[in-house]
Amino acid sequence: MHSRGSTHYSPLKQINKSNIKQLEVAWSFDTGETGGLQTSPIEVGGVLYGISPSQKVFALDAATGKLKWKFDSGIVGTQPDRGLSYWASPDNKDRRIIVGVMNFVYELDAETGQPVPSFGNQGRIDLREGLGRDVATGFIALTSPAVVYKDLFIVGGRLPETLPALPGDIRAYDVRTGKQRWSFHTIPHPGEIGYDTWPKDAWQHTGGANNWTGMTVDQKTGIVYVPTGSAAFDFYGGDRLGDNLFANSEIALNAETGERIWHFQGVHHDIWDRDFPSPPVLVTVKHDGKTIDALAQTSKQGFVFLFDRANGKSLFPLESHKYPASDLPGEVAAAEQSLPTKPAPYARQRLTEDMLTNRTPEAHQWALNQFRSFQSDGQFVPLSTKRNTVIFPGFDGGAEWGGPAFDPESGILYVNSNEMAWAVELTENTTNPLSGKGIYQSQCTICHRDDMKGSPPLFPSLIGVRDRMTQEQIKERIQKGKGRMPAFPNLTPDEVNALVLFVSEGENKELSSGQPAPPLMRYRFSGYTRFLESERYPAVATPWGTLNAINLNTGEYAWKVPLGEFPELADQGLKNTGSENYGGPIVTAGGLLFIGATNYDKKFRVFDKSTGELLWETTLPFSGNATPITYEANGKQYVVIAAGGGKDAKSPSGGVYVAFALKSAE
């Protein structure tokens, strides 16, 4: 299944509510690698195409899991790679797999797995080129699959969240040759719409405002819908005053030309990292007595935005509220932000004392003492240097990159959501930027914190890193990145060496003043810090993760259930707590919803799509932090999920694709 319109819906119903308990493993394919997987494979004509943790590309017989071919670019991928795309010529004689490997896009012959020599430079193009910046010092990675329209494919890319960062241009390429056909500037150039919402020279040095999560194209109308993220630097915008259009926006573009048709900005002047985190979904709904082709976009804040596809008008009223001004010199927060009045948010919005954990009296008291030192006033409260500000739901949602599923039979949208709180603050930069410590503070504290403790497992602690890695290994990690960590090609060899010395030995080496310093913001983010109680469980009351069914015709909820568990807590009787979850659901005409996603229990679950009742579950070899797919091969329906784990520090990671089908008759 490679669902059109990002619906994650399949009309297949061989597997259904009457026989779901007969589901069993049909085959599995072990990539033999560790590191985790976030990939939704694709199936075309009886062949399944997937990606390994190190970004090798492979093709399997979709019915047996037998390997047909494998392609190794020679590049060890260190970023998430969430999927591939497929294109075929009208006569079906030219069939290609389009796949990102770090900053390159490869086109492979679908039959052989070999690069197509007529495409780009011997089968690949480099996404660092054509952005108007220095190719050698820029970082970009294609972490989500391209969308294909006629003879074009359209991409965004993942960028750093600190400066320097490349601009988030949306670009279309000729699928046969790799020549760029059009580009849309999300940081507008002089004369372009939105230019007046940025400082006049922002297009030359500011970065981000990128589509990292993928996009959705309407094949009937030729419109591509592009959700974008925040501009860099994420948490202080003193150098990018204004609303910063087209960051944090839904943009409808002509897929053939790149011309803007309409846009909606979800967050003005984002200083909270409130990206639109998933591809929008093409839906058809009944609204005010009319049938409307609409667009559903989930958000990290926990809201679903529902737009008329043609003109961008919100189907449910948007309500604007005034929010506090920033107390930081140089920062000007947006005075107003808008949120939809319907549907109600699928994640809690404002953390209060009565919402803190009651796992144990000691855990509650610890959380209460911490909470009373925070400011917690809901959405869009500017960060401060004076005390921690609660971000709830947290930086990873609410909704995330796995995307929702939509059932056209019922008009119900299914969204899995996180319910984690984070507590964060800003710190003024006073350190010499041309020193190991200064470089660390400008490039690294955003993830690893000032105190180097990080926020495991998402952001590892660097304390004692010298005991786990050599200086050469640390240097390689800085230069190449890994997982959520981007590469830092902008740093000179001297800067990298100074940074390695500071991280490993605590030595603050100062560099000569004759070389340019890395960009230095007046304030830095002191580090992503999840609000966890003393035993590292969420300090908020359950549920810590949910699965939600929302009727888009009415804006009302059909059902809501916790999603996920911590196995050790479940063994103590604390079940159905919900947990962090990444990767989305699929829904089928068989009345079922399939989802892995949960970080800690390694479960793959099947729910009754009408009621939310759990019908079946199994344990995967690793957590299935990916959106599954379903397809039919040789008359049999299969469901496949990539299981790689990697988000639980207590468990190993891997890279296994597991296929399920109904038990064969004896």
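Is it the case, given these coordinates, that GLY138 is modelled with pLDDT of 95 or more and either over 12 Å from VAL226 (Cβ atoms) or of a type outside the set (A, V, I, L, M, F, W, C) (or both)? Criteria not met by GLY138. Here PHE607 passes the criteria (1) in contact with a Gly (Cβ under 9 Å, 6 or more places away or on another chain); (2) over 23 Å from PHE305 (Cα atoms) except the one numbered (1).
Can we say THR611 is assigned to a loop (DSSP other than H, G, I, E, B) and of a type in the set (Val, Ile, Thr)? Judged against the criteria, THR611 is a match.
Look at GLN572 and say whether it is in contact with a helix residue (DSSP H, G or I) (Cβ under 9 Å, 6 or more places away or on another chain) and either more than 26 Å from PHE406 (Cβ to Cβ) or modelled with pLDDT of 95 or more (or both). When the stated conditions are applied, GLN572 does not pass them. Considering only the range 285-318, state which residues are touching a Lys or Arg at 6+ places or on another chain (Cβ under 9 Å) and among the polar types (S, T, N, Q). Once the filter is applied, which keeps residues that are touching a Lys or Arg at 6+ places or on another chain (Cβ under 9 Å) and among the polar types (S, T, N, Q), the range 285-318 yields SER299, GLN301.
Within the range 124-147, residues that are assigned by TED's automatic domain parsing to the domain that holds ARG171 and surrounded by fewer than 21 Cβ atoms within 10 Å (Cβ to Cβ) reach partners that are at pLDDT below 95 and among the polar types (S, T, N, Q) with beta carbons closer than 7 Å, at six or more positions or on different chains, in the pairs THR137/ASN490. In the condition set (1) touching a Ser or Thr at 6+ places or on another chain (Cβ under 9 Å); (2) surrounded by fewer than 17 Cβ atoms within 10 Å (Cβ to Cβ); (3) within 23 Å of PHE660 (Cα to Cα), ASP72 is compliant with all but (3). Those residues that are in contact with a Lys or Arg (Cβ under 7 Å, 6 or more places away or on another chain) and over 25 Å from ASN581 (Cα atoms), I need them from the range 409-424; list them, please. None - no residue of the range 409-424 is in contact with a Lys or Arg (Cβ under 7 Å, 6 or more places away or on another chain) and over 25 Å from ASN581 (Cα atoms), so the list stays empty.
Within the range 456-477, residues that are more than 15 Å from TYR440 (Cα to Cα) have Cβ atoms under 9 Å from residues that are aromatic (Phe, Trp, Tyr) in these pairs: LEU458/TYR528, counting only partners at least 6 apart in sequence or on another chain.
Return yes when SER40 is within 26 Å of ARG484 (Cα to Cα) and crowded, with 17+ Cβ neighbours inside 10 Å and no when it is not. Yes: the conditions hold for SER40. Cβ-Cβ distances below 8 Å connect the following pairs, each with a first residue in the range 158-174 that is under 24 Å from TRP87 (Cα atoms), a second residue that is of a type in the set (Asp, Glu), and a separation of six or more residues or different chains: ASP174/ASP151. Residues that are at pLDDT 85 or above and of a type in the set (S, T, N, Q) were ranked within the range 447-495; the one that is farthest from GLU580 (Cα to Cα) is THR492. Could you list all residues from the range 516-555 that are within 19 Å of SER384 (Cβ to Cβ) and modelled with pLDDT of 95 or more? Selection gives PHE531 alone. On the basis of being surrounded by fewer than 24 Cβ atoms within 10 Å (Cβ to Cβ), part of a strand (DSSP E or B) and modelled with pLDDT of 95 or more, does TRP182 make the cut? Judged against the criteria, TRP182 is a match. Would you confirm whether or not the range 310-318 contains a residue that is more than 30 Å from GLY222 (Cα to Cα), in a strand (DSSP E or B) and of a type in the set (S, T, N, Q)? No, the range 310-318 contains no residue that is more than 30 Å from GLY222 (Cα to Cα), in a strand (DSSP E or B) and of a type in the set (S, T, N, Q).
If the condition is being crowded, with 22+ Cβ neighbours inside 10 Å and in a strand (DSSP E or B), then the range 638-658 contributes TYR638, VAL639, VAL640, ILE641, ALA642, ALA643, TYR657, VAL658.
Would you confirm whether any residue within the range 233-243 is touching a helix residue (DSSP H, G or I) at 6+ places or on another chain (Cβ under 8 Å), at pLDDT 95 or above and in a helix (DSSP H, G or I)? Within the range 233-243, not a single residue is touching a helix residue (DSSP H, G or I) at 6+ places or on another chain (Cβ under 8 Å), at pLDDT 95 or above and in a helix (DSSP H, G or I). Looking for something in contact (Cβ under 8 Å) with a residue 60 or more places away in the chain, within 21 Å of HIS269 (Cβ to Cβ) and surrounded by fewer than 18 Cβ atoms within 10 Å (Cβ to Cβ) - is there at least one such residue anywhere in the range 374-390? Looking through the range 374-390, at least one residue is in contact (Cβ under 8 Å) with a residue 60 or more places away in the chain, within 21 Å of HIS269 (Cβ to Cβ) and surrounded by fewer than 18 Cβ atoms within 10 Å (Cβ to Cβ). Taken as a whole, the condition of being touching a Lys or Arg at 6+ places or on another chain (Cβ under 9 Å), part of a loop (DSSP other than H, G, I, E, B) and closer than 18 Å to ILE271 by Cα applies to PRO329. Can you name the residue in the range 268-293 that is assigned to a loop (DSSP other than H, G, I, E, B) and of a type in the set (A, V, I, L, M, F, W, C) and, of all such residues, is surrounded by the fewest Cβ atoms within 10 Å (Cβ to Cβ)? It comes out as TRP272.
The values are calculated or read from the model by the stated rules, or taken from the named source; none is laboratory data. As the structure is a prediction and not an experimental result, all values here were calculated from the model. All Cβ positions, even for glycine, are placed from backbone atoms using ideal geometry, and neighbour counts span all protein chains on display.
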